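Take a look at the structure set out below.
The values are calculated or read from the model by the stated rules, or taken from the named source; none is laboratory data. On a predicted model such as this, the values are computed, not experimentally measured, just so you know. Every residue, glycine as well, gets a Cβ built from its backbone with ideal geometry; the counts of neighbours run over all protein chains shown.
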Amino acid sequence: MEGPQGASSAADGVDDRRHIVISTVTAAVLHTVGEPLEFEAIAIDHPGAFEVLVRVERVGLCHSDLHYIRGLLDIGTPAILGHEVAGIVETVGAGVTRMNVGDRVVATVTPACGMCRQCLRGRPTQCQRVDLVRLRPRPKHHRMDGSVVGALGGLGAFAQAILVTESSLAVVDKTVPPEVACLFGCCVSTGVGAVVHGAAVRPHDTVAVIGCGGVGIAAIQGARLAGARRIIAIDSEPRKLVVAKRFGATDAVLAGKSPEAAVSAVHQIESGGVDHAIEAVGRTETAELAFGCLAPAGAATILGLMPTGSSLRIPAEDLVYGDRTVRGAYMGANRFLSDVAMFTDHYRGGRLDLDAMVTRVIDFADINDGFAAMSDPDNVRTVVNMTGGV
């Protein structure tokens, strides 16, 4: 019995039909910023205590991954990127209690200890002990020459298998297709989480969502779920605004070249501005645009990861006299382990249209082409089928 193609348990002498140890996997590795990912065989360690080995089924392509490839976000190389992932549990380490071999699971880059001050306050994405949760006595991945290969967020999902701590995983019902389930790990947890947890949108609120990619579309759906009475989609691509209306936006604003014009358009649609503006792009200009869209006492929730060293400029008088707020919501301030059940129920009930968010499914061998096509205005989420060979 074998794991992913090219990865056999026999090399380790373990095949009891319950625990399948994968010793070597094919991974798409970032070696040089600005260059395509390179496929190579990578050795993966056995699960330690409280760790789980997962055979990867599907991975979503996120703009955060693209930012690392382009050097807009810093990461040491070589590294395996990828974090929006669904897969099947292959084997479990000592002490694992929440999942069994054969379960379908989804992963998060924000595992939480559940015991620190932030976790106890219901803010697991700000866990103060996350580094300790991820800590292990030896590297997870290395090349055949013994050199270490890093993994983004402790996951490294652009590989045929991942080795992660149990606290990074949530079991998802197998009735949820893997190409949909993987979205729970990032764009859905960030976009819907930003509305439900970060902004705490209510039925009497008005909402502007800036950026209509995967996270923005999820935020629009989250605002619709929360009952927001008006949802204004803002993007620089007219075709993305058409897509946004299909997912629940009530109004659309073409950002164009002038942030001031976009702000004016929002204020014309909703006199005085909106109660909540959610930024899902990752640029200083769009974060400042979010603030400009606000009514007095409104709140701008910033989701997009910006280049290292970025800073925002906002008018002090509008901040103070208008009681406006700017806040971050890393990964949407989600509560991953409980949110997955919420996402699943809303998806199965037809209230979250996640099937339509998956606009392309590509083979693992075509992952670099998938990143190149992310600028397509009709693209919401490209998902990589990891079960085939490369």
Checklist entry - Has the stretch 257-276 got at least one residue that is of a type in the set (D, E) and modelled with pLDDT under 95? => result yes
Checklist outcome for this item: Picking from I88, I75, I69, the residue that is assigned to a loop (DSSP other than H, G, I, E, B), aliphatic (A, V, I, L, M) and within 21 Å of the chain's Cα centre (by Cα) would be I75
Next on the checklist: I'd like to check which helices (runs of 4 or more DSSP H) are fully inside the stretch 105-214 and have at least 3 residues that are under 25 Å from G76 (Cα atoms) and touching a helix residue (DSSP H, G or I) at 6+ places or on another chain (Cβ under 6 Å).
Outcome noted: none
Checklist outcome for this item: When the stretch 245-261 is checked residue by residue, the ones that are within 20 Å of R224 (Cα to Cα) and among the small types (G, A, S) are G248, A249, A252
Checklist entry - Is it fair to say G304 is within 22 Å of D205 (Cβ to Cβ) and at pLDDT below 95? => result yes
Checklist entry - Could you say whether any residue in the stretch 88-95 is among the acidic types (D, E) and surrounded by 16 or more Cβ atoms within 10 Å (Cβ to Cβ)? => result yes
Checklist outcome for this item: Exactly one of M306, M331 is part of a loop (DSSP other than H, G, I, E, B), closer than 30 Å to S167 by Cβ and of a type outside the set (D, E, K, R), and that residue is M306
Checklist outcome for this item: By residue number, the members of the stretch 270-286 that are over 19 Å from the mean Cα position of the chain (by Cα) and closer than 19 Å to V201 by Cα are E270, S271, G272, G273, V274, D275, H276, A277
Checklist entry - Do we find that A226 is crowded, with 24+ Cβ neighbours inside 10 Å, at pLDDT 95 or above and either among the hydrophobic types (A, V, I, L, M, F, W, C) or in contact with a helix residue (DSSP H, G or I) (Cβ under 7 Å, 6 or more places away or on another chain) (or both) in this structure? => result no
Checklist entry - Is it the case that A94 is among the hydrophobic types (A, V, I, L, M, F, W, C), assigned to a loop (DSSP other than H, G, I, E, B) and farther than 13 Å from S167 by Cβ? => result yes
Next on the checklist: Looking for something charged (D, E, K, R), closer than 16 Å to A157 by Cβ and buried (at least 17 other Cβ atoms within 10 Å of the Cβ) - is there at least one such residue anywhere in the stretch 377-385?
Outcome noted: yes
